[in-house]
Amino acid sequence: MDMDIALLGELLPVDETETIINKPLRIAERVFQSRLLVGTGKYADFKTMQLCHEFSETQMVTVAVRRLDLKASGENALLHWIDRNKIQLLPNTAGCYCADEAIRTCHLAAELGLSQWIKLEVIGDKKTLLPDIEETLKAARLLVKEGFTILPYVTDDPVACKKLEDVGCAAVMPLAAPIGSGLGIRNPNNIRLIVEAAKVPIIVDAGVGTASDAAFAMELGCDAILMNTAIAEAKHPTRMAQAMRLAVEAGREAFLAGRIPMRAYGSASSPMSGLLGMAT
């Protein structure tokens with residue numbers, strides 16, 4: 001691979017060569033080798049969760065602060081099963097329905113020593129679990145000023161995503177589809193527009209159902225993917241965790257490689273000139 005890149009460096013302009021090299025994911029001041037973020041909910045037990053984290057090779061996991069059992073200790077405590085020397089905690093504000101609730105939850109996460117990195121989630125509708133953009137923006141503005149590193153969950157709206165980037169969010173997390181739906185990317189064109197306009201990492205969050213969904217998101221140019229239900233509720237969670245890791249890696253490589261254009265008609269894969277029986 002290194003030799004291939006070196007040879008390409010002699011043939012291509014510098015800017016094109018750089019697109020071929022798979023640089024690590026950078027969020028704020030931290031660098032991650034893994035582009036797969038994983039949740040901690042819905043698993044059959046903590047041991048399964050831990051194994052899925054290992055098989056996925058994730059370096060960041062989300063923890064719902066409002067659903068954390070603060071009285072639990074030892075093996076009964078969720079945090080016991082997360083190696084914080086290898087994995088960055090990303091507390092989330094799941095269950096919050098207004099900016100004030102989300103802000104208080106972020107302060108609680110900081111006081112508990114979890115992290116000042118936050119997945120900001122302000123829900124606007126209990127049935128669809130779609131985010132409330134106005135309240136999300138309100139919370140993001142204040143939390144960024146207070147020194148939190150904010151990664152907001154948002155609709156696949158290019159305008160909303162740009163506004164969240166402009167208020168200082170370290171990354172933006174547009175949904176692929178409603179949380180836990182497994183529908184995959186419903187609006188790939190919007191995701192593509194969000195990626196093209198962004199100057200911060202774009203992390204697809206919610207709605208991924210299987211490995212092909214993950215690969216597709218990465219092929220669109222997304223920087224990473226966050227998923228929970230797709231792994232935790234799979235028939236074989238550890239196998240799905242590994243499949244998702246491979247899918248994210250394959251999708252990223254395909255994006256860097258550059259797919260061929262789609263054509264309405266066939267295109268011969270070998271030259272037509274010089275065929276046996278053809279006049280020259």
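The values are calculated or read from the model by the stated rules, or taken from the named source; none is laboratory data. Please read all numbers here as calculations on a predicted model, not as lab measurements. So basically every Cβ, Gly included, is an ideal-geometry build from the backbone, and we count neighbours across all protein chains shown. These area figures cover heavy atoms from the full protein model, side chains too; ligands, DNA and RNA do not enter into them. Shrake-Rupley method; radii C 1.70, N 1.55, O 1.52, S 1.80 Å.
Yes or no: Ile194 more than 19 Å from Lys138 (Cβ to Cβ), among the β-branched types (Val, Ile, Thr) and either at pLDDT below 95 or under 12 Å from the mean Cα position of the chain (by Cα) (or both)? So Ile194 fails the test.
Do we have Leu129 as open to solvent by 20 Å² or more (accessible area, probe 1.4 Å) and either assigned to a loop (DSSP other than H, G, I, E, B) or in contact with a Pro (Cβ under 7 Å, 6 or more places away or on another chain) (or both) here?
yes
Scanning the stretch 61-68 turns up no residue that is surrounded by fewer than 16 Cβ atoms within 10 Å (Cβ to Cβ), part of a loop (DSSP other than H, G, I, E, B) and modelled with pLDDT under 95. Among residues of the stretch 172-193 that are basic (Lys, Arg), those with a beta-carbon under 6 Å from a residue that is open to solvent by less than 40 Å² (accessible area, probe 1.4 Å) and part of a loop (DSSP other than H, G, I, E, B) at least six positions away or on a different chain give the pairs Arg186/Ala177; Arg192/Leu220.
A Cβ distance below 7 Å, combined with a sequence gap of six or more or placement on separate chains, defines the contacts here; from the stretch 142-171, residues that are assigned to a strand (DSSP E or B) reach residues that are among the basic types (Lys, Arg) in the pairs Leu151/Lys119; Tyr153/Lys119.
Listed residues Ala6, Ala44, Ala94, Ala102; which is at pLDDT 90 or above and assigned to a helix (DSSP H, G or I)? Lay out the reasoning, then the answer.
Values: Ala6 fails: at pLDDT 90 or above; Ala44 fails: assigned to a helix (DSSP H, G or I); Ala94 fails: assigned to a helix (DSSP H, G or I).
Only one candidate passes the filter, namely Ala102.
Of all the numbered requirements in (1) more than 13 Å from the chain's Cα centre (by Cα); (2) open to solvent by 40 Å² or more (accessible area, probe 1.4 Å), Glu249 misses one, and that requirement is (1).
Apart from one condition, Ala214 fits all of (1) closer than 22 Å to Ala250 by Cβ; (2) open to solvent by less than 10 Å² (accessible area, probe 1.4 Å); (3) in contact with a Pro (Cβ under 9 Å, 6 or more places away or on another chain); (4) not in a strand (DSSP E or B); the exception is (3). Evaluation of Ile179 against the conditions (1) assigned to a loop (DSSP other than H, G, I, E, B); (2) over 30 Å from Ala139 (Cβ atoms) shows that the sole unmet condition is (2).
If the condition is being open to solvent by 50 Å² or more (accessible area, probe 1.4 Å) and not hydroxyl-bearing (Ser, Thr, Tyr), then the stretch 80-100 contributes His80, Asp83, Arg84, Asn85, Lys86, Asp100. Beta carbons closer than 6 Å, at least 6 apart along the sequence or on distinct chains, pair a first residue in the stretch 50-70 that is over 21 Å from Leu112 (Cα atoms) with a second that is among the small types (Gly, Ala, Ser) for Cys52/Ala241; Phe55/Ala241; Ser56/Ala241; Glu57/Ser34; Thr58/Ser34.
The residue list Pro158, Pro174 contains one member that is farther than 16 Å from Lys138 by Cβ and either open to solvent by less than 10 Å² (accessible area, probe 1.4 Å) or among the charged types (D, E, K, R) (or both), which is Pro174. Which condition breaks for Phe55 when tested against (1) touching a Lys or Arg at 6+ places or on another chain (Cβ under 8 Å); (2) open to solvent by less than 20 Å² (accessible area, probe 1.4 Å); (3) in a helix (DSSP H, G or I)? Unmet for Phe55, out of (1) touching a Lys or Arg at 6+ places or on another chain (Cβ under 8 Å); (2) open to solvent by less than 20 Å² (accessible area, probe 1.4 Å); (3) in a helix (DSSP H, G or I): (2).
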